[in-house]
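Peer 1: Take this structure, written in structure tokens, and hold onto it; I'll ask about it next.
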Amino acid sequence: MIMFNLISPTLAFLFQDAPRSGFEQIKYSAANPDLAKFLVIGALLFIIGVAGVLTRRNIIVIFMSIELILNAANLNFIAFSRYLSLTGDPDAIAGQIFTVFVIVVAAAEAAIGLGIVIALYRNKETIWIDEIDLLKW
Amino acid sequence: MLKYIWLVPLLPLIGAAINGLLGRKLRFSEPLIGGIAVGSVALSFLISVAAVYSYGFGGHAEWPRPYLTSQDGFSFDWIPGGAVSVNHGAEAEAAPRFALLNVEWSYQLDPLSSIFMLIVTGVGLCIFVFATGYMHGETGFYRFFAYMGLFMFAMLVLVMGSNFLMMFVGWEGVGLCSYLLIGYYFDRQEAANASRKAFITNRVGDFGFALAIFGVIATFGSAQYVDVFNQAKSYPIELLGHWGVLSWIALGLFIGACGKSAQLPLHVWLPDAMAGPTPVSALIHAATMVTAGLYMVTRTNVIFQHSQTMLLVVALIGAATAIFAATIGITQNDIKKVLAYSTVSQLGFMFMACGVGAFAIGIFHVMTHAFFKALMFLGAGSVIHGMHHEQDMRRMGGLKKYMPYTYWTFMAGWLAICGIIPFSGFWSKDEILWKAASTTHIPLGWLVWLIGTIAATCTAFYMTRLMAMTFWGRERFLDKPAGGEADEAHASAYDKGLAQHDAVYPSAGDRPRHEPGEHVGPVHEDVAHHVATHGHVHEGEGHGHGAHVPHESPPSMWVPLAVLAVLAVIGGLVGIGPAFRSVTGSEHPGGRLHIVSWLDPIIWNPVTREFNAPEGGHEAAPVAETAAPAEGAAHGEAGASVYGNTGFNLAHSVENSTHSELATEWIFIIISLVVAGIGIALGFLFYVWRPLLAGIWAQRLRPLYIASYNKYWVDEFYGWAVTRRTMDAARAVYAFDSKIVDGIVNGLATLSRLFSRIVGGIDKYFVDGLVNTIAAFIMRLMSPLFRAAQTGFTQNYALVMVLGLMVAVVLFFARDIF
């Protein structure tokens, strides 16, 4: 219920200013999104990623959740980039460049992280994160 | 020529510098080293002769005034001392004043220094030439001549300096060179010991001399002779028992003279100094350096004549030394030891002369003694050389046949020292005894005369003994070593000859020495024959002979002997005594050439209170008939008033019975000739005619013989009283240092350690304990909380991060929200 209570106003917000009704309205809104909608979706992605990181036991899934967080950030960058370009800011392209950087870093991070996971598995024969408490010592 | 006398000391110094600094590095050959040394001294001698001639007899003769090189600008300010306060002495105590003490380095040529210049350079030249032969083959040839040249420089500075400080520089310089040359064979323990002994004993004297110089400066405000003596002559005469400032100065000076001239308490170093090479003994320890004390006393005769006490001390010390050393000389067996004690004894005679007020006669004896003693030392060196470094007279005898030049020259020295008319020693020694008997300067003149006469007898006796044992009699060097005391030297030579030591040092010096593995013992017929037939081949080589047969020395050695022999024979003619005035026609024949007249300008006359006789005094020889009584009166009754009543006077008593001064003088001359004859006759009796008598009498007078043979145990006494006590003091000081001083330091260290341990304990148990307790308490209290946060699960940390992020976001927007 809580999730629903959170999500429903969000959905309402996403489709609020449609000039038409019904399916037409949905189509129009999807074709002409405004900045706020991207931000909402980015926030949702971020929250989902954080929830995944905090709740899942499998390290691989945690990685995937981290990717979600990163992509939420990317989405924000892209959205602001587009928005600023519409307002005529000459530096708006920076957001897209930043996104490329984030993707590169994410790829590197994934490679290193998966390497760590493999090494961890070889030593501890597990990838369940609640069985790994080496940081305590 | 006068203005060049500064070259006289400088030339030997340059020679010494060349030899000493370059001789080793450039490997100078012996002729080159000898040439440099002899050449420099010869040049000095020539300059000295020319300078003295032009000083005394030239067209513009300076005599009797002293000539200073500063007159011609050959001087420099040596010690610009500045102002000194003059507050001693009668005048200065009334009105203290300041004087400007600027000590200059300038040379003074006056009658006294001219005599010493001629002796030092002239006799020195002979000895240098001799040394080139004697030292042939020595490893340190260059070193020897460097030291000798340095000695000549120092000695000439001593006698030519124009002030007390230059004399002191020379004084210390000759002491240093004496030390270096006694220790020339530094690889031998006894030479090293002897050199140290000489140096340390001289320190005692130098201490007195230095104090006297301080006294002179504090009293007169100057160190320049001319200034000092001009002031001193106006001081009152201090009679017996009165210790005024001049008496104290004279005492200090005389202590210095005792050290340098080996007078009684400080004589011990001179016999030991014979460990040096024989030319050194001749030059330094007979002819020149040891007479420096005489030079100093005569130079300061103004001061000495102001103190009757010190004159008496000088005379008595001189007399005591003369008899003391003469009696020791009788029993010594080492040829150089006999000559050494003879030197000490003769120096005693010279001081005797000074003490009785006859300074010129003392210098006269210095001169004649320089001739005949240098001659005899060089003769002894020649004998030692010929005997292959045998010094023990018991192993000699009959050398007359083998060493004719040495023998005949030695004979001249023997007659001179015995006091046989007309050899040089007679004139000076007889005059000393006459002056002692007739002195009005001091009481007890008769005692001085008596002791001197006995010492003269002893002198004649032991010199005859030396002649007999060395040159006459049986050829004992051919004997086989029979053991016993008489052969100890020979036996020790036997031992030493086999020692490795000698092989390392080809010529180890003046002692019996033999080549390693050499046969030491009776000379076989064939060896003797070989040497007899081929002896000339070895002549000049000096060393390396197989057998003990002596040989004559090379010309470089006997020519100086001949020169000195001539001087020893005729050298006394410059001082013919007043007793011969009927023969010579004058009290002091020869005018200025007579030594007493020559020296008069520097001798202070206590009656006239002026320095004697400028031009005309003794120059007026033809009127001496009238001058003589006045002179006699001046030295006689008038002198008595100056020095008070001096009690019994031997000469005056005799004169009262003979009623003739001339007869009295002749009586004393005959006495001194008779005692010389007695001494010689006894010597012949004991050592030539009845050789067994010597042993018999030595046995009969056993205690005396033993005492004399052991030199009256003075060395042993000093060893006990000075050396041992010094070492005791050193030990006591060491004990104080190690026990008390170190104890304090160590005690403090212990205390510090104790304290630090206490402080450490407090720190460790109290302060640390407190800190630890509090820390532990806090840790126990807080740790569960923080430990609980550290779960080790990654997601917990991530959760905290997220929560933190949320808080941050909330805080960030809080301003907008709330």
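Rule-based calculations on the coordinates, nothing more; no lab input. Just so it is clear, the structure is predicted and the values come from calculations on it, not from any experiment. Positions of Cβ are generated from backbone atoms using ideal geometry, with glycine treated the same way; all protein chains shown enter the neighbour counts.
Peer 1: For the range B:736-745, just list the computed ³J(HN,Hα) in residue order, Karplus coefficients 6.51, -1.76 and 1.60, θ = phi - 60°, integers in Hz, with x standing in for Gly and Pro.
Peer 2: 4, 5, 6, 8, 7, 5, 4, x, 4, 4
Peer 1: Rounded to a whole number, what is D in µm²/s for the range A:47-103 from Stokes-Einstein with the Kirkwood radius over alpha-carbon pairs (20 °C, 1.002 mPa s)?
Peer 2: On the way: Rh = 12.2 Å.
Translational diffusion coefficient: 175 µm²/s.
Peer 1: Around residue B:262, under 15 Å between beta carbons, what's the net of Lys plus Arg minus Asp minus Glu among the other residues?
Peer 2: Values: positive: B:197, B:203, B:260, B:336, B:337, B:373, B:711; negative: B:206, B:272, B:715.
Overall, the nearby charge balance is +4.
Peer 1: Hey, what did the range A:35-131 get for relative contact order, percent, Cα under 8 Å, at least 6 apart?
Peer 2: Numbers: 89 pairs, mean separation 28.0, N = 97.
Taking the mean separation of contacting Cα pairs over the length of the range A:35-131, I get 29 percent.
Peer 1: Suppose only helical runs count, i.e. DSSP H with n ≥ 4. What mean residue ellipticity at 222 nm does that imply for chain B under -39500 (n - 2.57) per run, divided by all residues and rounded to the nearest 500 deg cm²/dmol?
Peer 2: Result for chain B, helices only: -20500 deg cm²/dmol.
Peer 1: Would you mind counting up the charge near residue A:49? Only other residues with Cβ under 15 Å from its Cβ, with Lys and Arg at +1 and Asp and Glu at -1.
Peer 2: Working: positive: A:56; negative: A:67, A:109.
With Lys, Arg at +1 and Asp, Glu at -1, the neighbours total -1.
Peer 1: Can you list the residues, at least 5 places off or on another chain, whose amide H is less than 5 Å from the amide H of residue B:238, using H built in the peptide plane?
Peer 2: B:307, B:308
Peer 1: For a label point 7 angstrom out from the Cα of residue B:139 toward its Cβ, which stretches of the range B:362-397 have the backbone nitrogen within less than 16 Å?
Peer 2: Flagged as within label range: none.
Peer 1: Same structure again: Can you check what the net charge comes to around residue B:74, using other residues whose Cβ is under 14 Å from the Cβ of residue B:74 (Lys, Arg +1; Asp, Glu -1)?
Peer 2: -2
Peer 1: Once the Cβ-Cβ distance between residue B:573 and residue B:62 is put in as r, and R0 is 30 Å, what FRET efficiency do you end up with, to the nearest 0.05? Numbers along the way, then the final one.
Peer 2: Details: r = 25 Å, r/R0 = 0.83.
Calculated value: 0.75.
Peer 1: Using a Förster distance of 60 Å, how high is the FRET efficiency between residue B:685 and residue B:746, based on the Cβ-Cβ distance and rounded to 0.05?
Peer 2: Working: r = 73 Å, r/R0 = 1.21.
Calculated value: 0.25.
Peer 1: Under Stokes-Einstein, with the Kirkwood radius over Cα pairs standing in for Rh, what whole-number D in µm²/s applies to the range B:222-276 at 4 °C and 1.567 mPa s? Before the final figure, lay out each step's value.
Peer 2: Values: Rh = 13.5 Å.
Translational D for this selection: 96 µm²/s.
Peer 1: Would you report the distance distribution of C-alpha pairs in the range B:714-805 as whole percents per 10 angstrom bin, up to the bin with the largest distance?
Peer 2: Pair shares across the bins are 13, 15, 13, 12, 11, 9, 9, 7, 6, 4, 2, 0.
Peer 1: If you take the Cα atoms of the range B:696-754, find Rg, then find the Kirkwood Rh from the mean of 1/r over all pairs, what is Rg/Rh? List each step's numbers first, then the result.
Peer 2: Values: Rg = 23.7 Å, Rh = 15.2 Å.
Radius of gyration over Kirkwood radius for the range B:696-754 works out to 1.56.
Peer 1: Can you give me the Kirkwood hydrodynamic radius for the range B:154-236, using every pair of distinct Cα atoms, in Å to one decimal?
Peer 2: On the way: mean 1/r = 0.0706 Å⁻¹.
Result for the range B:154-236 stands at 14.2 Å.
Peer 1: Something else: Give me the number: length gained by fully extending residue B:725 to residue B:648, i.e. 0.36 nm times residue separation minus the C-alpha to C-alpha distance, one decimal in nm.
Peer 2: Details: separation 77, 0.36 × 77 = 27.72 nm, distance 4.27 nm.
Contour length minus the Cα-Cα distance gives 23.4 nm.
Peer 1: Please give the contour-minus-distance gain from residue B:658 to residue B:768: 0.36 nm per residue of separation, less the Cα-Cα distance, rounded to one decimal in nm.
Peer 2: Numbers: separation 110, 0.36 × 110 = 39.60 nm, distance 11.39 nm.
Computed gain between residue B:658 and residue B:768 is 28.2 nm.
Peer 1: Would you pull out the residues with amide H under 5 Å of residue B:163's amide H, same chain only if 5 or more places away, H placed 1.01 Å from N?
Peer 2: B:225
Peer 1: Counting only residues 5 or more places away or on other chains, whose amide H sits under 5 Å from the amide H of residue B:109 once H atoms are built in the peptide plane?
Peer 2: Those qualifying (amide H under 5 Å, at least 5 residues apart or on another chain) are B:67, B:68, B:69.
Peer 1: How large is ³J(HN,Hα), in whole Hz, for each residue of the range B:143-160 in order, when computed from phi with the Karplus curve 6.51 cos²θ - 1.76 cosθ + 1.60 and θ = phi - 60°, using x for Gly and Pro?
Peer 2: With the stated coefficients, the range B:143-160 comes to 5, 4, 6, 5, 5, 5, x, 4, 4, 4, 4, 5, 5, 6, 4, 4, 8, 9 Hz.
Peer 1: Which ³J(HN,Hα) values, rounded to whole Hz and listed in residue order, are derived for the range B:558-567 from phi using the Karplus coefficients 6.51, -1.76 and 1.60 in 6.51 cos²θ - 1.76 cosθ + 1.60 with θ = phi - 60°, glycine and proline given as x?
Peer 2: 8, 5, x, 4, 5, 4, 5, 5, 4, 5
Peer 1: Between A:123, A:74, A:58, where does the largest GNM mean-square fluctuation fall for chain A, given springs only between Cα atoms within less than 10 Å?
Peer 2: A:123
Peer 1: Using a 10 Å cut-off on Cβ to Cβ distances, tally the other chain neighbours for every residue of B:785-796 and report the average as a whole number. List each step's numbers first, then the result.
Peer 2: Numbers: counts 0, 0, 1, 0, 0, 4, 4, 7, 7, 9, 8, 5.
Mean partner-chain Cβ count within 10 Å for B:785-796: 4.
Peer 1: Something else now. Restrict the search to the range B:304-362; then list the chymotrypsin sites (Phe, Trp or Tyr not before Pro) that DSSP places in a loop and that have at most 15 other Cβ atoms within 10 Å of their Cβ.
Peer 2: Working: sites: B:304, B:324, B:341, B:349, B:351, B:359; in loops: none.
Here no chymotrypsin sites (Phe, Trp or Tyr not before Pro) fit, given the DSSP loop and packing criteria.
Peer 1: With a point put 7 Å past each Cα toward its Cβ, work out how far residue A:136 is from residue A:119 in nm, to one decimal.
Peer 2: Here the modelled spin labels are 2.3 nm apart.
Peer 1: Sticking with this structure for a sec: Looking only at the range B:640-683, which residues have a backbone nitrogen under 13 Å from a spot 7 Å from the Cα of residue B:582 in the C-beta direction?
Peer 2: Within reach of a label on residue B:582, which here means backbone N under 13 Å from a point 7 Å along Cα→Cβ, the range B:640-683 contributes B:660-667.
Peer 1: Another question about this same structure. Between residue B:775 and residue B:753, how high is the FRET efficiency from 1/(1 + (r/R0)^6) when r is the Cβ-Cβ distance and R₀ = 22 Å? Nearest 0.05. Please report the intermediate quantities before stating the final value.
Peer 2: Details: r = 30 Å, r/R0 = 1.38.
Approximately 0.10, to the nearest 0.05.
Peer 1: Right, something else. Divide, for the protein assembly as shown, the radius of gyration over alpha carbons by 2.2 N^0.38 Å, where N is the residue count.
Peer 2: Numbers: Rg = 53.8 Å, N = 955, 2.2 N^0.38 = 29.8 Å.
Here the Cα radius of gyration is 1.80 times the empirical estimate.
Peer 1: Which value, in nm² and rounded to one decimal, describes the direction-averaged projected area of the C-alpha convex hull of the range A:35-131? Present the calculation step by step, with values, prior to reporting the outcome.
Peer 2: On the way: hull surface 25.0 nm².
Projected area, direction-averaged: 6.3 nm².
Peer 1: Between residue B:234 and residue B:797, 0.36 nm times their residue separation minus their Cα-Cα distance comes to what? All intermediate terms of the calculation are to be shown ahead of the outcome.
Peer 2: Values: separation 563, 0.36 × 563 = 202.68 nm, distance 11.65 nm.
The residue B:234-residue B:797 span can extend by a further 191.0 nm.
Peer 1: Can you pull the percent of Cα pairs in the range B:1-99 with separation above 21 Å? Display every interim value, and only then the final one.
Peer 2: Numbers: 2854 of 4851 pairs.
Tail of P(r) above 21 Å: 59 percent of Cα pairs.
Peer 1: Something else: Per q in 0.06 Å⁻¹, report the Debye log10 I(q)/I(0) for chain B, using one uniform scatterer on each alpha carbon and no solvent.
Peer 2: -0.44
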